[in-house]
């Protein structure tokens, strides 16, 4: 009996922490924008979790701020700019292109281009080397030339 009471108390305590947030929107467009923004922004505390999925306190605060800014008729760009100014580019799942992260955006393409250039250079140099070797007959020393003559003479006799 005591064990059952303990389980009931334990379940009632944990359910209090799992409260579902609800935001009342005046129109469906703002509600849609809220869900898109909270899904497109990363929780600063939770490494790879968006604001919509995070239960961290900072995520709750950020969702509240998004809600307040939407209710104040701020544009999506203004909301994103505010979040980036406050938390940096990390808050965006797809960071903007700027001088600070240009290497992240351009690096893979540059490495691919560099690798392609190296492969082409190696292929051409190998091809040129093979072409040079094909044009010139191999040089034989005196012993090898004598053996070659003997083989050729035997073939003529037979």
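Read-outs: derived from the displayed coordinates by stated rules, not from any lab. Computed from a predicted structure; not experimentally measured. As a convention, Cβ positions derive from the backbone with ideal geometry for all residues, glycine included, and neighbour counts pool all protein chains shown.
Details
- 10 Å-binned pair-distance histogram of region 101-157 (Cα, whole percent): 19, 20, 18, 15, 12, 9, 6, 2
- GNM result for the chain, Cα springs below 10 Å: residue of 39, 56, 72 fluctuating most strongly: 72
- For the chain, the relative contact order is 14 percent, taking Cα pairs closer than 8 Å that sit 6 or more residues apart in sequence and dividing their mean separation by the residue count.
- Debye intensity ratio I(q)/I(0), log10, region 19-96, q values 0.15, 0.16, 0.23 Å⁻¹ (C-alpha model): -0.45, -0.52, -1.09
- Degrees, to the nearest 10: 142-157 long Cα axis against longest axis of the chain: 70 degrees
- For region 54-118, the ratio of Cα radius of gyration to the globular rule of thumb 2.2 N^0.38 Å stands at 1.59.
- Residue 116-residue 47 FRET efficiency (beta carbon distance; Förster radius 30 Å; 0.05 resolution): 0.35
- Cut-off 14 Å, label 7 Å out along Cα→Cβ of residue 104, residues of region 24-42 by amide N: 41-42
- Candidates 91, 119, 80: whichever shows maximal mean-square fluctuation once the chain is modelled as a Gaussian network with Cα springs under 10 Å: 119
- Between 122, 106, 92, the residue with the greatest mean-square fluctuation in the GNM of the chain (Cα pairs under 10 Å linked by springs) is 122.
- Overall form of the chain per C-alpha gyration tensor (a/c, 1.5; a/b vs b/c): prolate
- Packing-based exposure ordering (other Cβ within 10 Å, fewest first) of 87, 67: 87, 67
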